[in-house]
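Notes to accompany the following structure.
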């Protein structure tokens, strides 16, 4: 075979292969039922990019996620339509007896006044900072059914659970997902951690509202957070730098990766994260562990410190901070009294990210020494 003919055949094969790949990709990502039904309307989204909701006649809703999973919400007392694509998971309303493992979603259910849709939790009562969630577990309305990697299958089955809402951590225990599916329990993996914009995470309240027929409630709650964001973003950048970290029990500094949603909140609040290129942007890891000397070289010059208490516990004063490592005494923010600490509920308050951004802005711009506590931050003295 001459070279020209060989190249021609090779190009044809490549073309056919690419067409097959495109067809498969289009199929798994397409936002239709596959039976000819036409979309009547779609949920408007301002920041979220990891899900979509399309509405059909009769109250049917198709929810598509960025992991290519699709869920058809069927109205109460209605039947699933015939001829839909086989990969679509059917969920009948009312959706109840949920096994909720994705901790970031609990506050969204709470804000929608929908905790009664949850019967099982992947987090123990003492680890919830949401008062309503903790109270529901202490009163036996929500039972602990094991963490994502070790669920109590017997309890899950006996509770009548039909839907498990997992975090992306389930990718580390794929056998659990398979077991749940084998038991007839639908598995939905919350993709909110992949949202690039902080309010993209908050906008997931609309996702859960679609499951529960509470869209109008969600819109009002989301608009409030957009208002807080706009208030902070309307001001000019302060030029102030911020370090966000905690000290591990091994003595390492654990800082947020540059460009993640926490550092984005700092930027939206009018500050600048002290690390411009920390961590690998291609990985999903949100934190980077550094030897203290390496961390010190950059972070010592930060105008403000926000100490992350969600991992190692809340600090009472500057002495407790410095006790973690004497090098912290030399930090500019420590010497100038610009050290703040997060409340431990920070990462369980997905509904309040707009207010958090405004808190950071107020930390940066206020010059009243008597202001020592904000909604999610408090000053170390």
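The values are calculated or read from the model by the stated rules, or taken from the named source; none is laboratory data. On a predicted model such as this, the values are computed, not experimentally measured, just so you know. Here the Cβ positions follow ideal geometry from the backbone for every residue, glycine too, while neighbour counts run over all protein chains shown.
Exactly one condition in (1) in contact (Cβ under 8 Å) with a residue 24 or more places away in the chain; (2) surrounded by fewer than 17 Cβ atoms within 10 Å (Cβ to Cβ); (3) farther than 30 Å from residue 366 by Cβ is false for residue 206; which is it?
(2)
Based on this model, can you work out whether residue 146 counts as touching a residue at least 24 places away in the same chain (Cβ under 8 Å) and in a helix (DSSP H, G or I)?
So residue 146 does not fit the description; no.
Hey, any hits in segment 161-171 for a residue that's surrounded by 20 or more Cβ atoms within 10 Å (Cβ to Cβ), in contact (Cβ under 8 Å) with a residue 40 or more places away in the chain, within 30 Å of residue 227 (Cβ to Cβ) and under 19 Å from the mean Cα position of the chain (by Cα)?
yes
Here is a list of conditions, (1) within 21 Å of the chain's Cα centre (by Cα); (2) surrounded by 13 or more Cβ atoms within 10 Å (Cβ to Cβ); (3) within 30 Å of residue 343 (Cα to Cα); (4) touching a residue at least 12 places away in the same chain (Cβ under 8 Å), and residue 113 meets all of them except one; can you say which number that is?
Against the list (1) within 21 Å of the chain's Cα centre (by Cα); (2) surrounded by 13 or more Cβ atoms within 10 Å (Cβ to Cβ); (3) within 30 Å of residue 343 (Cα to Cα); (4) touching a residue at least 12 places away in the same chain (Cβ under 8 Å), residue 113 comes up short only on (2).
May I ask you to verify whether residue 337 is surrounded by fewer than 16 Cβ atoms within 10 Å (Cβ to Cβ), under 12 Å from residue 379 (Cβ atoms) and out of contact with any helix residue (DSSP H, G or I) (no Cβ under 7 Å at 6 or more places or on another chain)?
It is true that residue 337 is surrounded by fewer than 16 Cβ atoms within 10 Å (Cβ to Cβ), under 12 Å from residue 379 (Cβ atoms) and out of contact with any helix residue (DSSP H, G or I) (no Cβ under 7 Å at 6 or more places or on another chain).
Is it the case that residue 251 is in contact with a helix residue (DSSP H, G or I) (Cβ under 8 Å, 6 or more places away or on another chain), at positive phi, surrounded by fewer than 18 Cβ atoms within 10 Å (Cβ to Cβ) and touching a residue at least 12 places away in the same chain (Cβ under 8 Å)?
Yes, satisfied.
Restricting attention to segment 264-288, which residues are at pLDDT below 95 and touching a strand residue (DSSP E or B) at 6+ places or on another chain (Cβ under 6 Å)?
Correct list: 278, 279, 287, 288.
Against the conditions (1) in contact with a helix residue (DSSP H, G or I) (Cβ under 8 Å, 6 or more places away or on another chain); (2) touching a residue at least 40 places away in the same chain (Cβ under 8 Å); (3) within 21 Å of residue 363 (Cα to Cα), where does residue 272 fall short? Just the number, please.
Only one criterion is unmet by residue 272, namely (2).
Within segment 68-108, track down each residue that is surrounded by fewer than 16 Cβ atoms within 10 Å (Cβ to Cβ) and within 19 Å of the chain's Cα centre (by Cα).
Within segment 68-108, just 68 meets the criteria.
Test each condition in (1) more than 27 Å from residue 343 (Cα to Cα); (2) at pLDDT 95 or above; (3) over 19 Å from the mean Cα position of the chain (by Cα) for residue 243 and report the one that comes out false.
(1)
Out of curiosity, is residue 328 assigned to a helix (DSSP H, G or I), modelled with pLDDT of 95 or more, in contact with a strand residue (DSSP E or B) (Cβ under 9 Å, 6 or more places away or on another chain) and closer than 19 Å to residue 248 by Cβ?
Judged against the criteria, residue 328 is a match.
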